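**Q** Below you will find the structure I want to go over with you.
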Amino acid sequence: MDDISVGIVLHGRDDRPAPWLGPGLEVSRYVNASRRHGTPWRGFAANHNDLMSRSQARWYVALNPDVDINATAIRDLVRVAEGAGLALAGPAVASPWGTSSQGKRGFPGPRVWLEETVRGAGRRERSRAYAPGDVQDSDWLSGACLAIRRDLGLRFDERYFMYFEDADLCRRARQRGLRVGVCPSVTARHASGWSLRDPLVQRRGVEFARSALAFGDSAGVSSRAMTLAGLVRFGSRVVLPGEHSPRRAAASSIARGFANPSLPGLSELAAEFNAARDSVWRAGELDAVV
């Protein structure tokens, strides 16, 4: 069997489609925030750290359930990462924001966000062909599809409930002198979780802003500088065309989150869910809750 473990976290239900990977890979699925399963509502970092700890494979691949990739592509990703000596590896990612196949220069923060604002929302990468073993060094990678060398002791920081745990992990790896890179000959398609129709979209924006501020604080960036840059970066995208576009939904809710990060986010909702779950658990009635 391949020395690869794939971890997928589903939220609330386990009957929704998950990526069709094909045979031959060790796949662990965890159903987060499920009354039926009796599981608490935990953050991205906590869930994937738990799944990672259960595996003995050399490589762990954190995979969002809305990412389209197959087993062959995952093996290719790990093979290229092994050959290049990467500690963390990601594929090229095609999303509503465009295709990202080049390494990221700079971590999220005032300088990068202001540069992105000046460049504009419509900037596209220059198309080019990549050889199967090519690697683009990158400051950080998306956690939507992220291959992690387990034996190096790399784990997500669970103080991030959601968002920026991937950038934080990559930064800590690079501080240790480890190599982080994109394998652009492998592509994954990632559907956006942002939608104005989502009743939790405003809470997502608050959680994003809070995590951004925590990430900035760990890098010595003032909360004022992060907030101002966040308001400019995401506020400038609120006027994007398309009433229900994922980019517009993300921009408006994140800008609102930076304007008032004390508003309730996802973590407060999770705390309420877990308190109710614990109360039912103590009463011995969990199985009766649908």
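Derivation of every value follows stated rules applied to the coordinates shown; laboratory data play no part. What you are looking at is a predicted structure, and each value in this text was computed from that prediction instead of being measured. Cβ: placed from backbone, ideal geometry, glycine included. Neighbour counts: every protein chain shown.
**Q** Could you tell me which label, among [x] 47, 44, 35; [y] 59, 49, 36; [z] 91, 43, 39, carries the value of Cα extents along the principal axes in Å calculated for this structure?
**A** Label [y] holds the value from this structure.
**Q** Another question, if that's okay. Can you run phi through the Karplus equation (6.51, -1.76, 1.60; θ = phi - 60°) for segment 263-270 and list ³J(HN,Hα) in whole Hz, with x for Gly and Pro?
**A** Once θ is set to phi - 60°, the couplings for segment 263-270 become 5, x, x, 5, 5, 5, 5, 5 Hz.
**Q** Let me ask another. Taking 8 Å as the Cα distance limit and 6 or more residues as the minimum spacing, I'd like the relative contact order of the chain as a percentage. Each step should come with its number before you reach the end.
**A** On the way: 555 pairs, mean separation 62.3, N = 290.
Taking the mean separation of contacting Cα pairs over the length of the chain, I get 21 percent.
**Q** Here's a follow-up. Using a ≥ b ≥ c from the Cα gyration tensor of segment 201-283 (square roots of the eigenvalues), is it rounded, prolate or oblate, where a/c under 1.5 gives rounded and otherwise the larger of a/b and b/c decides, a/b for prolate?
**A** Oblate.
**Q** Continuing with this model, one more query. Given the options R54, R189, R204, which has the most mean-square fluctuation in a GNM of the chain, springs set between C-alpha atoms less than 10 angstrom apart?
**A** R54
**Q** Considering the chain as a Gaussian network with a 10 Å cut-off on Cα pairs, which listed residue, F234, F215, F273, attains the greatest mean-square fluctuation?
**A** The residue that fluctuates most here is F273.
**Q** Taking neighbour Cβ counts within 10 Å as the exposure measure, how do V93, V201 sort from fewest upward? It would help to have the intermediate numbers written out before the result.
**A** Numbers: V93 22, V201 18.
In increasing order of surrounding Cβ atoms, one gets V201, V93.
**Q** So how much slack lies between R13 and S53, counting 0.36 nm per residue of separation and subtracting their Cα-Cα distance, in nm?
**A** Between R13 and S53, full extension yields an extra 12.1 nm.
**Q** What residues qualify as long-range amide H neighbours of T39, i.e. H under 5 Å apart, gap of 5 or more or another chain, H built at 1.01 Å from N?
**A** For T39, whose amide H was placed from the backbone, the distant partners under 5 Å are S34.
**Q** For n ≥ 4 DSSP H runs only, could you compute -39500 (n - 2.57) per run for the chain, divide by its residues and tell me the 222 nm figure to the nearest 500?
**A** -12000 deg cm²/dmol
**Q** Give, in nm to one decimal, the length gained when the segment between D157 and D3 is fully stretched (0.36 nm per residue of separation minus the Cα-Cα distance).
**A** 53.0 nm
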